[in-house]
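Notes follow the structure.
Derivation of every value follows stated rules applied to the coordinates shown; laboratory data play no part. Just so it is clear, the model here is predicted, and its values are computed rather than measured. Backbone-built Cβ (ideal geometry, glycine too); neighbour counts: all protein chains shown.
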């Protein structure tokens, strides 16, 4: 039978804690939080618990809180520090900002908050040092999380979810402006035999090389994703059926022209379909998949196209949606500040597209990206203030979307400064993220709130 002491601690003690028995529950909670936290006995003034973040920042607290407080406000070489602020008043919730020395001996600007909970004081230490840099790190982390959520970890291509989002944006543009779009589904022939004969690690290498060969033949504006297993999908903006069929044959040749490492010659089959009026994503991709099935059943290593087409070459001529992002009156949301800033963002995006299309100087490209960063930051700040003023119910979610876009734009700017910015990433951000998904997508959701009559005290009282 367990001893009474064992029964009092049914779970292992959290690492870094040394709590009294009646503080165990609090200790478990504190140790999961990402800020420096400690418990102090309100009667004795002595530490009873501290979480791992506290220990990493200031070492293990020992003994009296007041003595510890005086110690962390002294430089390591000092023996006295008469200017150290007094400890926070334990009788009230108190917030004090001061410079404190951590376990590494370096000063950091901290905010200390103390609040009384029963017979314990909860001490919370918040690091305010270099807050701007911390915000940059947060935005970079958000950008990395977003990138991981939309990128296939094996091939580096887009995931199925992100590919479908891009396709829906292009379909919206097709319905609104009449720009043709086509789809290619590529499937490696007899891929199961590769895994069975050589093992899955070699199969993974084949998938990576297959993705590289597809990417090398596609344009920067084409969107390539791994749809599942050995199946890949390529979205072709501003491309009718004839152009997609031609590209698919180029891709087929790129696969068979050289043997793959470890496995030798391989082939692939391709299904092609152009989006036609009245169909949704599922019906479009199903037509492409049926064309792929016909290619497989006809002997493989071939391209088969679904016959339906809404365009011919005379209809489209030079219509390329990335020649220019055209601002139209229909893009206005109804607020003069937001509309003027949207218009300015379109102008900066077009300036970037022109530099990309004409292979302009890298310095000009980076300067324009920095101008877009500044204009976007100002726009997001002003737009959030307007959404707060009109009491838009989803303003928190909208602000989160702003932070993600800012993080992605910061990442593009950093890559531009290093000379490692892929043109396709810049085009994808401008066309899909900033314009289609946000300015012409999410920003239109709050139009009804902009058009509501302003609330008055009288109307508020009647409600």
(request) Once you have the Cα-Cα distance between residue 329 and residue 384, take 0.36 nm times their residue separation minus that, and quote the gain in nm to one decimal. (result) 17.6 nm
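How big is Rg to Rh over the stretch 329-450, alpha-carbon atoms, Rh as the Kirkwood inverse-mean-distance radius?
Rg divided by Rh gives 0.99.
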(request) Sort 35, 72 so that the residue with the fewest other Cβ atoms within 10 Å of its own Cβ comes first and the one with the most comes last. (result) 35, 72
(request) Sort all Cα-Cα distances of the stretch 141-316 into consecutive 10 angstrom bins from zero, then give the percent of pairs in each bin up to the one containing the longest distance. (result) 10, 38, 35, 14, 3
(request) Taking the Cβ of each residue in 184, 96 as the centre, tally the other Cβ atoms inside 10 Å and list the residues starting with the fewest. (result) 96, 184
(request) Please grab the % of Cα pairs in the stretch 200-274 that end up more than 20 Å from each other. (result) 28
